[in-house]
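Worksheet: one structure, shown below.
The values are calculated or read from the model by the stated rules, or taken from the named source; none is laboratory data. The structure presented is a predicted model; accordingly, all values stated were derived computationally and were not measured. Note: ideal-geometry Cβ built from the backbone for every residue, glycine included; neighbour counts use all protein chains shown.
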Amino acid sequence: MFIYHTIAEIREFVRQARDKGSSIGFVPTMGYLHEGHLELMRRAKEQCGCVIVSIFVNPTQFGPGEDLERYPRDLERDARLAEGTGVDAIFNPGVEEIYPPGYCTYVDVERITERLCGFSRPGHFRGVATVVTKLFNIVKPDQAFFGQKDAQQVLVIQRMAADLNLEVGVVTVPTVREQDGLAMSSRNVYLDAAQRQAALVLSRSLKMAADEVRAGERSAAEIRQLVIEMIKAEPLADIDYVEIYSHPELEPAELIEAPALLAMAVKIGQTRLIDNIILRKGDTS
């Protein structure tokens, strides 16, 4: 496995891979890899001849007071884990390689970024859309792989790729969870033992909502309220948002008739965690 730090290097690697007839699978990450990332890499390896992973903590998607400086970083560890899944190359650029002096061009996806994390983290998806567009243009993958845990991010990238006529397939991979249900996240490392236990309220409340739909409840407002009450009963939890929108349009949903996204952001201590589930009428899973 190779590790490259410049755009010129990774482009030459891609050129050589294509000359050998390989399709390119791409997994963009901010590093500090966990099993969710590794599952994306394994899926990419199954479907593509050559897999590239980017590791770049993107400053433009962090707001003031967020955890840019303390976001966990460990390239040696990440490289070892990525290599174990069969990844062919890591692209690990510095900030000035992606945003050189004088940089002033950004990608802004409208409407679907105006709610959920887009509402509570202004500018976040502008940074995400910009860096992913740049990475797509640098790597030029055939397929790119993203996790369902970041459900709104996936929808934003799919919309962006379609609107800008980018020749890349955006593949969504189901959320990977710990055995106790906690969605895997690089930020889980911030949680102490008590907070780690309290964080389970997110997945428990999603399961409760799915059970309610299976039992016949159709009111989005009723389900949302039940979820809020369950989370508020956990003393260490502080709700940022709990919302239900149609999926994939992200329009307000009153009844669970068509698929609907129940998404939440909850602070456990100082750590902001997100999770979601797609609710479907008649779903028996």
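Suppose we filter 60, 105 for residues that are of a type in the set (S, T, N, Q) and either over 21 Å from residue 5 (Cβ atoms) or out of contact with any Lys or Arg (no Cβ under 9 Å at 6 or more places or on another chain) (or both); which single one remains? Break it down stepwise before answering.
Numbers: 60 fails: either over 21 Å from residue 5 (Cβ atoms) or out of contact with any Lys or Arg (no Cβ under 9 Å at 6 or more places or on another chain) (or both).
Unique residue meeting the criteria: 105.
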Quick check on this structure: which one of 213, 170, 156 is crowded, with 19+ Cβ neighbours inside 10 Å and over 22 Å from the mean Cα position of the chain (by Cα)? 213
Are any residues in region 71-115 acidic (Asp, Glu), surrounded by 15 or more Cβ atoms within 10 Å (Cβ to Cβ) and within 17 Å of residue 59 (Cα to Cα), and if so, which ones? 97
Restricting the search to region 1-40, which residues are in a loop (DSSP other than H, G, I, E, B) and either at pLDDT below 95 or in contact with a Lys or Arg (Cβ under 7 Å, 6 or more places away or on another chain) (or both)? 31, 32
So the check is Cβ under 7 Å with 6+ separation or different chains; which pairs have a first residue in region 62-83 that's touching a residue at least 40 places away in the same chain (Cβ under 8 Å) and among the hydroxyl-bearing types (Ser, Thr, Tyr) and a second one that's surrounded by 13 or more Cβ atoms within 10 Å (Cβ to Cβ) and part of a loop (DSSP other than H, G, I, E, B)? 71/30; 71/57
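Results for (1) of a type outside the set (Val, Ile, Thr); (2) surrounded by fewer than 20 Cβ atoms within 10 Å (Cβ to Cβ); (3) touching a residue at least 12 places away in the same chain (Cβ under 8 Å), shown as yes or no for each residue.
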| position | (1), (2), (3) |
| --- | --- |
| 220 | yes, no, yes |
| 223 | no, no, yes |
| 260 | yes, no, yes |
| 263 | yes, no, yes |
| 268 | no, no, yes |
| 272 | yes, yes, yes |
| 277 | no, no, yes |
Name the pairs: first residue in region 176-202 and at pLDDT 95 or above, second residue among the acidic types (Asp, Glu) and surrounded by fewer than 18 Cβ atoms within 10 Å (Cβ to Cβ), Cβ to Cβ under 7 Å, at least 6 apart or on different chains? 176/35; 184/35; 184/178; 200/180
Could you count how many residues in region 147-172 are of a type in the set (S, T, N, Q), touching a residue at least 40 places away in the same chain (Cβ under 8 Å) and out of contact with any strand residue (DSSP E or B) (no Cβ under 6 Å at 6 or more places or on another chain)? 1
Exactly one of 43, 70, 80 is within 23 Å of the chain's Cα centre (by Cα), assigned to a loop (DSSP other than H, G, I, E, B) and on the phi < 0 side of the Ramachandran plot, and that residue is 70
Within region 228-240, identify whether any single residue is of a type outside the set (Lys, Arg), at pLDDT 95 or above, within 23 Å of residue 153 (Cα to Cα) and in contact with a helix residue (DSSP H, G or I) (Cβ under 7 Å, 6 or more places away or on another chain), and answer yes or no. yes
